[in-house]
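A.B. asks: Just passing along the structure, written as structure tokens.
The values are calculated or read from the model by the stated rules, or taken from the named source; none is laboratory data. Fair warning: this is a prediction, and the values are worked out from it, not measured in the lab. Methodologically, a virtual Cβ is constructed for each residue, glycine included, from the backbone with ideal geometry; neighbour enumeration extends over all protein chains shown.
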Amino acid sequence: MQRFLLNRRWLGLLVFVLVFGAVCFRLGLWQIHRLDDRFDRNDLITDHFQVAPVDLDAAAPVGTTIDGTNEWTRVLLRGTYAVDYSVSVKFTTRDAAPGVDVVVPLRLDDGTAILVNRGWMETINSNQRPELPAPPSGEVSVEGWLRQDNKAGGDAVRVFDRQVRAIDSTGLAEYMPYELRDGYVNAQGESPEAATALAVEPEPELGQGVHFFYALQWWFFGLLGFSGYIWFAIVERRDRRRTTAPEATVSVHDSSRA
């Protein structure tokens, strides 16, 4: 009765189920690897936040790339805001409210500059640039943490009407007449304080996210595929028995009459 499993249709279904199960298993492992990366990131952030802020040149000298090893380092820097080259990062939200991040390059004593995300302000989502509050004038001390470039590329980091959709020092280097350092700083405090305060970037979420549940979901899909194959095979065998049973009964009656 199980010989029907060797026909072309059922063999094709078996191959599909095996491939589907292998893909689901691999995707589940990928989510587990992402969970491990998330834990490593959380440990790195926790370690950086437990250390007092250090001078920018000590944390990331000129030419240093901000990557997964030095991102989130708390830094102190002094310089003068280049207000004429301020940009807003449009279509950002906080607690579902629309707004923009305000990014201004800070000119340092060595002639270089670094992008500073001064904070977020609520405004309507629009392609029209809003009026941005002025930063402190003169020399300013900024405390914050280092962040990697967004690396979105293309139109996302191309300045249009003094707006962008992502912060990237490489993309903004064409717009600004300064040698920009890699990455940017999420400001957490300024001295002197600005006349109009902005909402600083909140500390990053250190939870495990949804990766573990996504892994379980992919493995469940793979198991569901195998279960479905077995269930349909059982149904097929049952239907075949029902269709062959009358034939067997007729054969017995015919032989007894003979």
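A.B. asks: Could you go through the range 87-98 and let me know if any residue there is at pLDDT below 90 and closer than 30 Å to G228 by Cα.
C.D. replies: no
Conditions (1) surrounded by fewer than 16 Cβ atoms within 10 Å (Cβ to Cβ); (2) in a strand (DSSP E or B); (3) touching a strand residue (DSSP E or B) at 6+ places or on another chain (Cβ under 9 Å); (4) on the phi > 0 side of the Ramachandran plot, marked per residue:
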residue	(1), (2), (3), (4)
I167	no, no, yes, no
T170	yes, no, yes, no
M176	no, no, yes, no
V185	no, yes, yes, no
A197	yes, no, yes, no
P202	yes, no, yes, no
E205	yes, no, no, no
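A.B. asks: Kindly list the number of the only condition in (1) surrounded by 12 or more Cβ atoms within 10 Å (Cβ to Cβ); (2) of a type in the set (V, I, T); (3) not in a helix (DSSP H, G or I) that fails for V51.
C.D. replies: Only one criterion is unmet by V51, namely (1).
A.B. asks: Among the residues of the range 153-165, what is the count of those that are surrounded by fewer than 15 Cβ atoms within 10 Å (Cβ to Cβ), among the charged types (D, E, K, R) and either free of Cβ contacts under 8 Å to residues at least 40 places away in the same chain or within 18 Å of V62 (Cα to Cα) (or both)?
C.D. replies: 2
A.B. asks: Sort out for me the strands (runs of 3 or more DSSP E) sitting completely within the range 66-152 that have 1 or more residues that are closer than 16 Å to Y184 by Cα, touching a residue at least 24 places away in the same chain (Cβ under 8 Å) and within 21 Å of the chain's Cα centre (by Cα).
C.D. replies: Because the criterion is at least 1 residues that are closer than 16 Å to Y184 by Cα, touching a residue at least 24 places away in the same chain (Cβ under 8 Å) and within 21 Å of the chain's Cα centre (by Cα), the strands (runs of 3 or more DSSP E) in the range 66-152 that meet it are 87-94, 97-107, 112-122, 139-147.
A.B. asks: Quick one: what pairs do we get from the range 177-206, first residue touching a residue at least 12 places away in the same chain (Cβ under 8 Å) and closer than 21 Å to G138 by Cβ, second in a loop (DSSP other than H, G, I, E, B) and of a type in the set (D, E), C-beta under 9 Å, 6+ apart or different chains?
C.D. replies: A187/E201; Q188/E201
A.B. asks: Kindly indicate the residue of the range 114-152 that is of a type in the set (A, V, I, L, M, F, W, C) and under 20 Å from P192 (Cβ atoms) and also surrounded by the most Cβ atoms within 10 Å (Cβ to Cβ) among those meeting that condition.
C.D. replies: Per the stated criteria, the residue is I114.
A.B. asks: Has the range 12-31 got any residue that is aliphatic (A, V, I, L, M), farther than 21 Å from V116 by Cβ and loosely packed, with under 11 Cβ neighbours inside 10 Å?
C.D. replies: Looking for residues that are aliphatic (A, V, I, L, M), farther than 21 Å from V116 by Cβ and loosely packed, with under 11 Cβ neighbours inside 10 Å, one finds at least one in the range 12-31, hence yes.
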